[in-house]
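K.L.:
Below is the structure I would like to discuss, written out as structure tokens.
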Amino acid sequence: MHMIRSYLLLPYIEAVEARGHDATPILSAHGLKSADLVEPHFRVPFRAFLAIQQAAADLVGDPCLGLRIGAEIRPEQVGSLGLLMSTSRTLREALLHFSHWGASMQEGWELEFIDTPEGADYVYRVHELGVSTRQDVEYSLANMCSLIRTRMGRNWAPAEVHLAHSNPSRARLYEGIFHASVFFDQPVSKLVIGNKDLMLRSERVSYALLPIVEAHLLASRTAQPDENLARQVSLIVAQSMGRRPVQITDVATKLGMPVRSLQRALAEKKTSFRDIVRQERQRVAEDLLAQGRINSITEIAISAGYADGSVFSRAFRTWTGSAPSRSPLRRKV
């Protein structure tokens, strides 16, 4: 199952609330709350991400919500990927870097760079079936144009824009945002970019930042699903920690697999659901002790998913051999 950075939903929730609506129901329908969206490492199933985007558009009655949001998003709002646009010598290099690192994150989407005689097609694909992708496609292509303009100038435009879905009878809006002719009901969704633009060198480039940005992307990218199922389980467990009991049935549902299959797959990796929960509880508890933001052992216990401080203290002694109150990790507030 593909997981995507939850903070990318923030602009949709802010748009819903700015128009006087309550966004809580569309988040709670997927087991989320607003606080989840401001955690930098929190991830949500990509399928839920797509559904929330569409639900937000439906709630405010704007079929072009994703398009409008994508056009306004700043580079820093899409994380390290957004910085790649200003760290490459040419636009061609920048787009190739973006495609490579975007694919490595394994979030359920990809941008494919395809050379053509006139330049290149920059194709956006979503790997999900049975759920509307319109909001995400329009958001992503509009956002890509916005990112490109940070290096090419605000009047930059692709040669053409192709969208695989139908025209919502708002052609002028699309052409106003893309500054180009937009064609609907096409085989794929893409930006058509001329070779002159691709090869033009920009003065707005910070070459020295590229190794730093790539190092950050390497450290934060999502592991390959087939080689790290345990990591996916850990992420889901961490997202539930301290808010509701962590049940293997819930995790299996989010991963789209039967409980027995999940148990067998984890056993093949020499681990178990119980081991992963214990490891996540230990990680959360040790982090909170080290940060010193919470000094109450009971509060730390609850945040780590324990019923009370005494149960947590016994578990902590098992891990470290000492009580949490005497742990060398503990930093006083």
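K.L.:
Go through segment 252-273 residue by residue and tally those that are free of Cβ contacts under 8 Å to residues at least 12 places away in the same chain and over 13 Å from SER234 (Cβ atoms).
P.N.:
Number of matching residues: 11.
K.L.:
From the set of residues in segment 166-188 that are among the hydrophobic types (A, V, I, L, M, F, W, C) and in a strand (DSSP E or B), which is surrounded by the most Cβ atoms within 10 Å (Cβ to Cβ)?
P.N.:
Going through the qualifying residues, I end up with VAL182.
K.L.:
State whether the residues of segment 120-127 include one that is under 21 Å from ALA55 (Cα atoms) and either open to solvent by 50 Å² or more (accessible area, probe 1.4 Å) or assigned to a loop (DSSP other than H, G, I, E, B) (or both).
P.N.:
Keep residues of segment 120-127 that are under 21 Å from ALA55 (Cα atoms), which gives 125-127.
Still in the running and either open to solvent by 50 Å² or more (accessible area, probe 1.4 Å) or assigned to a loop (DSSP other than H, G, I, E, B) (or both): 125, 127.
Yes, there is a match, as at least one residue in segment 120-127 is under 21 Å from ALA55 (Cα atoms) and either open to solvent by 50 Å² or more (accessible area, probe 1.4 Å) or assigned to a loop (DSSP other than H, G, I, E, B) (or both).
K.L.:
Quick one: count up the residues across segment 186-202 that are under 13 Å from VAL137 (Cβ atoms) and of a type outside the set (A, V, I, L, M). Break it down stepwise before answering.
P.N.:
We begin by selecting, within segment 186-202, every residue under 13 Å from VAL137 (Cβ atoms); these are 186, 188-191.
Restricting the remaining residues to those that are of a type outside the set (A, V, I, L, M) gives 186, 189-190.
Total satisfying the criteria: 3.
K.L.:
It is to be established whether one or more residues within segment 72-84 are modelled with pLDDT of 90 or more and not small (Gly, Ala, Ser). Steps first, please.
P.N.:
Going residue by residue through segment 72-84, those that are modelled with pLDDT of 90 or more are 72.
Within this subset, residues satisfying the condition of being not small (Gly, Ala, Ser) are 72.
For segment 72-84, residues modelled with pLDDT of 90 or more and not small (Gly, Ala, Ser): present.
K.L.:
Among the residues in segment 141-160, are any assigned to a helix (DSSP H, G or I), surrounded by fewer than 20 Cβ atoms within 10 Å (Cβ to Cβ) and free of Cβ contacts under 8 Å to residues at least 24 places away in the same chain? Show your work before the answer.
P.N.:
Residues of segment 141-160 assigned to a helix (DSSP H, G or I): 141-152.
If we keep only those that are surrounded by fewer than 20 Cβ atoms within 10 Å (Cβ to Cβ) as well, we get 149-150, 152.
Still in the running and free of Cβ contacts under 8 Å to residues at least 24 places away in the same chain: 149.
Checked against the condition, which is being assigned to a helix (DSSP H, G or I), surrounded by fewer than 20 Cβ atoms within 10 Å (Cβ to Cβ) and free of Cβ contacts under 8 Å to residues at least 24 places away in the same chain, segment 141-160 yields at least one hit.
K.L.:
Which one of these does LYS254 not meet: (1) of a type in the set (Lys, Arg); (2) open to solvent by less than 80 Å² (accessible area, probe 1.4 Å); (3) modelled with pLDDT of 80 or more?
P.N.:
All conditions are met except number (3).
K.L.:
Considering only residues that are touching a Lys or Arg at 6+ places or on another chain (Cβ under 7 Å) and either of a type outside the set (Gly, Ala, Ser) or exposed (fewer than 14 other Cβ atoms within 10 Å of the Cβ) (or both), which ones fall in segment 189-202?
P.N.:
Residues satisfying the conditions are LEU198, MET199, ARG201.
K.L.:
Let me ask something additional. Give the residues of segment 144-171 that are hydroxyl-bearing (Ser, Thr, Tyr) and within 27 Å of the chain's Cα centre (by Cα), sorted by residue number.
P.N.:
Step one: list which residues in segment 144-171 are hydroxyl-bearing (Ser, Thr, Tyr), which gives 146, 150, 166, 169.
SER146, THR150, SER166 - these are the residues of segment 144-171 that are hydroxyl-bearing (Ser, Thr, Tyr) and within 27 Å of the chain's Cα centre (by Cα).
K.L.:
Only one of these is farther than 27 Å from PRO40 by Cβ and either open to solvent by less than 40 Å² (accessible area, probe 1.4 Å) or polar (S, T, N, Q) (or both): LEU163, LEU81. Name it. I'd like the intermediate steps shown before the answer.
P.N.:
Details: LEU81 fails: farther than 27 Å from PRO40 by Cβ.
Result: LEU163 is the single residue among LEU163, LEU81 that is farther than 27 Å from PRO40 by Cβ and either open to solvent by less than 40 Å² (accessible area, probe 1.4 Å) or polar (S, T, N, Q) (or both).
Let's see how each residue does on (1) closer than 25 Å to MET199 by Cα; (2) open to solvent by less than 10 Å² (accessible area, probe 1.4 Å); (3) in contact (Cβ under 8 Å) with a residue 12 or more places away in the chain; (4) touching a Leu at 6+ places or on another chain (Cβ under 8 Å):
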{"site": "ARG43", "(1), (2), (3), (4)": "no, no, yes, yes"}
{"site": "ILE52", "(1), (2), (3), (4)": "no, yes, yes, yes"}
{"site": "GLY61", "(1), (2), (3), (4)": "no, no, no, no"}
{"site": "PHE98", "(1), (2), (3), (4)": "yes, no, yes, yes"}
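The values are calculated or read from the model by the stated rules, or taken from the named source; none is laboratory data. Bear in mind that the values here come from a model prediction, so they are computed numbers and not experimental data. Quick reminder, even Gly has a Cβ in these numbers, built from the backbone with ideal geometry, and neighbours come from all protein chains shown. These area figures cover heavy atoms from the full protein model, side chains too; ligands, DNA and RNA do not enter into them. Shrake-Rupley method; radii C 1.70, N 1.55, O 1.52, S 1.80 Å.
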